[in-house]
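Okay, so here's the structure we're looking at.
The values are calculated or read from the model by the stated rules, or taken from the named source; none is laboratory data. Source: prediction; values computed, not measured. Neighbour counts are summed over all protein chains in view; Cβ atoms, including those assigned to glycine, are modelled from backbone coordinates with ideal geometry.
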Amino acid sequence: MITTVAIVEDNASIRKSLQEWVDSASDYRCICTCGDAETALIELPRIKPNVVLMDIHLPKDSGIACTARLKQMMPEIQVIVVTVYRDRELLFQALKAGASGYLLKRSSPEEILRAIAEVRSGGAPMTGEIARMVVETFQKTTTETPPTVDLSPREIEILNLVAKGLTNKEIGPTLNISYDTVRAHLRRIYEKLHVRCRTEAVMKYSQNI
């Protein structure tokens, strides 16, 4: 099955490179490129791509705001931020807006394509140093469950592995449980934390909200 990809990037040269990288893979197809958030919010709900590669700095409206609105209109869409910014606050804003991954623009074509595959399989792809920021933030919190969140020890274990970037398929063998059991635990975690995805769960728990 072909994974359809849209690109939202105001730099024409970068936009063209990303499109060429996506189209170079037999399982992916770029079906839309947009130079600004306004165009993306009109076109993407119409064509419904599986994955969006999203820049943060866009004309008029930011990629973060665009991501939040797209997730409201199409909750199933997967957004990977591709940016030059390594700012912790922008990272957290993007994840809270609903982004499932965060890559730097210096990422190689192979890293971009691998991120698309990872996000489609339930992962949260991030450039190494960006992932480290998330893990460091997570590790700064106490290991005890916040009083308002009744997570079981097993759920906390799974959330820690999610924070380290492991996919559902990787978490199962690590904890010696089945893939379906991992998914069932994650569903309960989402319900308890009142979130919609693994990235939101990590961010909300790590900040003790």
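The lone criterion from (1) in contact with a helix residue (DSSP H, G or I) (Cβ under 6 Å, 6 or more places away or on another chain); (2) at pLDDT 65 or above; (3) among the polar types (S, T, N, Q) left unmet by THR141 is number (2).
If only residues of the stretch 12-64 that are touching a Lys or Arg at 6+ places or on another chain (Cβ under 8 Å) and in contact (Cβ under 8 Å) with a residue 60 or more places away in the chain are counted, the one that is surrounded by the fewest Cβ atoms within 10 Å (Cβ to Cβ) is ILE14. Would you confirm whether any residue within the stretch 108-122 is part of a loop (DSSP other than H, G, I, E, B), modelled with pLDDT under 80 and closer than 20 Å to ARG15 by Cα? There is no residue in the stretch 108-122 that is part of a loop (DSSP other than H, G, I, E, B), modelled with pLDDT under 80 and closer than 20 Å to ARG15 by Cα.
Any residue in the stretch 1-11 that is more than 19 Å from ARG120 (Cβ to Cβ), among the hydrophobic types (A, V, I, L, M, F, W, C), at pLDDT 95 or above and in contact with a strand residue (DSSP E or B) (Cβ under 9 Å, 6 or more places away or on another chain)? Within the stretch 1-11 (the criterion being more than 19 Å from ARG120 (Cβ to Cβ), among the hydrophobic types (A, V, I, L, M, F, W, C), at pLDDT 95 or above and in contact with a strand residue (DSSP E or B) (Cβ under 9 Å, 6 or more places away or on another chain)), the answer is no, since none of the residues qualifies.
Given the structure, is GLU9 surrounded by 23 or more Cβ atoms within 10 Å (Cβ to Cβ), out of contact with any Ser or Thr (no Cβ under 7 Å at 6 or more places or on another chain) and either closer than 18 Å to ILE130 by Cα or not hydrophobic (A, V, I, L, M, F, W, C) (or both)? It is true that GLU9 is surrounded by 23 or more Cβ atoms within 10 Å (Cβ to Cβ), out of contact with any Ser or Thr (no Cβ under 7 Å at 6 or more places or on another chain) and either closer than 18 Å to ILE130 by Cα or not hydrophobic (A, V, I, L, M, F, W, C) (or both). Could you check, for the stretch 92-105, whether at least one of its residues is modelled with pLDDT of 90 or more and polar (S, T, N, Q)? Checked against the condition, which is being modelled with pLDDT of 90 or more and polar (S, T, N, Q), the stretch 92-105 yields no hits at all. Count of the stretch 72-86 residues, restricted to those that are loosely packed, with under 15 Cβ neighbours inside 10 Å and either of a type outside the set (A, V, I, L, M, F, W, C) or out of contact with any helix residue (DSSP H, G or I) (no Cβ under 8 Å at 6 or more places or on another chain) (or both), is 5. On inspection, GLU89 qualifies as acidic (Asp, Glu) and either crowded, with 21+ Cβ neighbours inside 10 Å or over 10 Å from the mean Cα position of the chain (by Cα) (or both).
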